[in-house]
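Coordinate-derived values only; no laboratory data. Given the structure is predicted, the values throughout are model-derived calculations rather than measurements. In this analysis, Cβ positions are derived from the backbone assuming ideal geometry, glycine residues included, and neighbour counts consider all displayed protein chains.
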Amino acid sequence: MSKLEATKESLRILYESDTRPWVVAYSGGKDSTAVLQLVYELLMEEQAAGKSGKPVFVVSSDTGVEAPNVAQYVSSTLSQIGLSAKKQRLDLSVELVTPEADEEFWSKLIGLGYPPPTRWFRWCTTNMKIKPSRRAIDAITRKHGSVILLLGTRSNESVSRGNAIAARETNQFGLNRHHEIPDALVATPIVDWTTDEVWDYLYSYPPPWGGSHDFMLSLYRQANGGECPVVLDLNTPSCGGSRFGCWTCTVVKEDKSMQGFIHSGEEKLQPLANFRDWLKAIRENAERRSPLRRDGKSAGPGPFNPNTRMEILEKLLTLEQGVGFPLISDESLAFIQKTWREEFDYSDMARQIASRFGRENAMDKPFTCLQSDDPLLEVCARDADFPLELAQRLLDTVKSQYAYLDRWGAKTELERDITALIEKDIEQAKLADPAHDL
């Protein structure tokens, strides 16, 4: 019996052994594609034999900052798989998971001022990959009790990966418990396959959902690297280097896959690579960072200062306009606006920047203030040498939120909001003239 036949027989035995649904982690790379294709073929065979099946869920992750050509390929392939499964009446569904607004890359970096990720502060993986995938799998386990998670992990990917796999305890079906996801067992159907065997299988058998593997092969030829897996825990390596990774990845010194794409004719990706290099460079500039961390107590370097966050947003939207495809979501823009309002900005700078690029529709409505044509307010502000815009904001806040101060805690809340508005005005003045001692 060949290795392929043995793998297919093991999968069949595992599939028929119980009623627990399967979750196939699909990234679009060769290994996860091979596993998904084996599973899809198994479902077709089970259906042809008249056997009752069980649900299979295909889960893939889109961080929002994937290399555009890879993201488009994964999305279109998932759609094709879903339509084909529905047409063939297979109990297989697909889901492309994405981060929540507060987990997105630009929400963290521009909104909260997180510095670009490093090997020691890899905040991107948890927020953009682990959490979205976990939510999808947790939803399935809540409904079905437990699942079997099928991964495209292979022993010969690296020495460390091989050692880690060898150290795992497995049951009679070759399953091991996932160390972070409750009620999930892990199966690795192609764990002992070589790279050549994976490619031989994909060359010999076209995808059962239609089409071919030609575009995926062209991606590998361009990138000259491996795939970026669906990440379910922090022990999974970063996707930079020679893997299909995020175009914003600053964990590695050089994104080899992006450079491979560019050198193979994808010159339109060069501005993205340049922007990534700029982010990596400014990360090390102490003048762009707050002297305190976000808790306000620990010594820095802290998050990017407001000026730098504004500059990054403007450069990003300029880049987006130049390349002609979306680089930041509406949800992330709205989160940035909300966060800036809370932290330092009452002038709606995020909206002002976005409006210059036609993206203001993503934002909340701007603050409504009294018009500056109130002659008494203008005279009083001028005579007192008091900022007119701040005076408008203070008066508007009192009229709209504190018309009555007879409820419990209203006076304290008013004092807090007035203090916050004044502090924001001071911060704005510092940004306008950093050398001025306030």
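Some observations on this one:
- Potential lengthening between Asn274 and Glu180 on full extension [0.36 nm per residue; Cα-Cα distance subtracted]: 30.2 nm
- R0 of 22 Å, Cβ-Cβ distance Ser146-Asp102: FRET efficiency to nearest 0.05: 0.15
- Note on His263, His178: ascending count of other Cβ atoms within 10 Å places them as His263, His178, the fewest first.
- Counted charge near Pro99, where neighbours are those whose Cβ lies closer than 11 Å (Asp, Glu -1; Lys, Arg +1): -2
- Debye intensity ratio I(q)/I(0), log10, region 305-362, q values 0.18 Å⁻¹ (C-alpha model): -0.55
- Loop-located trypsin sites (Lys or Arg not before Pro) in region 1-101, at most 12 other Cβ atoms within 10 Å (DSSP): Lys51, Arg89
- Amide proton proximity set for Ser61, modelled H, under 5 Å, gap of 5+: Val97
- Net charge of Cβ neighbours under 9 Å - reference Tyr114; Lys, Arg +1; Asp, Glu -1: +2
- Kirkwood-Stokes translational diffusion coefficient of region 1-127, alpha-carbon pairs, 37 °C, 0.692 mPa s, µm²/s: 195 µm²/s
- Of the trypsin sites (Lys or Arg not before Pro) found in region 276-344, those in coil by DSSP whose Cβ has at most 10 other Cβ atoms within 10 Å are Lys297.
- Residues listed by number, region 85-102, amide nitrogen under 15 Å from Arg135 label point at 7 Å toward C-beta: 95-102
- In terms of distances greater than 20 angstrom between alpha carbons, the cross-link table entries Lys131/Lys253; Lys129/Lys315; Lys8/Lys30; Lys8/Lys87; Lys108/Lys315 yield Lys131/Lys253; Lys129/Lys315; Lys8/Lys87.
- With neighbour counts taken as other beta-carbon atoms within 10 Å, the residues Asp18, Asp91 rank, fewest first, as Asp18, Asp91.
- Between region 33-58 and region 106-155, the alpha-carbon centres lie 26 Å apart.
- Put in order of Cβ neighbour count within 10 Å, fewest first, the listed residues Phe275, Phe261, Phe325 become Phe325, Phe275, Phe261.
- Calculated FRET efficiency for the pair Asp18/Arg119, C-beta based, R₀ 60 Å, to 0.05: 0.90
- Applying 1/(1 + (r/R0)^6) with r as the Cβ-Cβ distance of Thr126 and Thr318 and R0 = 35 angstrom yields a FRET efficiency of 0.75.
- For Met1, the shell of other residues with beta-carbons less than 11 Å away shows a net charge of 0, using +1 for Lys and Arg and -1 for Asp and Glu.
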